[in-house]
Amino acid sequence: MTRNNENFWENVARYPRYMITFILGTFYAIYTWLKPLAKQPVTLVAIVGLLVSMVLFTIFTLRAMLGVSAV
């Protein structure tokens with residue numbers, strides 16, 4: 001039984017590293033996909049506007065769902 005517990009905690013300890021690797025890999029893939037598009041100023045403005053609007057939409061949606069009022 002103790003051997004199974006050791007394996008369990010060893011696997012649990014690996015998840016934060018996996019999560020960080022997954023998030024960094026996702027951001028890197030998106031960056032390499034958007035990098036050629038950012039060479040034109042008009043496209044860069046559109047990309048930045050889209051990213052800002054997505055972040056704001058997420059923030060406002062979570063505030064409304066959680067009932068958090070702006071102070």
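The values are calculated or read from the model by the stated rules, or taken from the named source; none is laboratory data. All values reported here derive from a predicted model rather than from experimental measurement. Virtual Cβ from ideal backbone geometry, glycine too; neighbours counted across all protein chains shown.
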Filtering the stretch 1-56 for residues that are of a type in the set (F, W, Y) and touching a residue at least 12 places away in the same chain (Cβ under 8 Å) leaves a count of 0
Run A70 past the list (1) part of a helix (DSSP H, G or I); (2) modelled with pLDDT under 95 and report the number of the one that doesn't hold. (1)
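Rundown of residues vs (1) surrounded by 10 or more Cβ atoms within 10 Å (Cβ to Cβ); (2) among the charged types (D, E, K, R); (3) modelled with pLDDT of 95 or more, yes/no style:
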residue	(1), (2), (3)
N5	no, no, no
F8	yes, no, no
V12	no, no, no
P16	no, no, no
W33	no, no, no
P36	no, no, no
K39	no, yes, no
V42	no, no, no
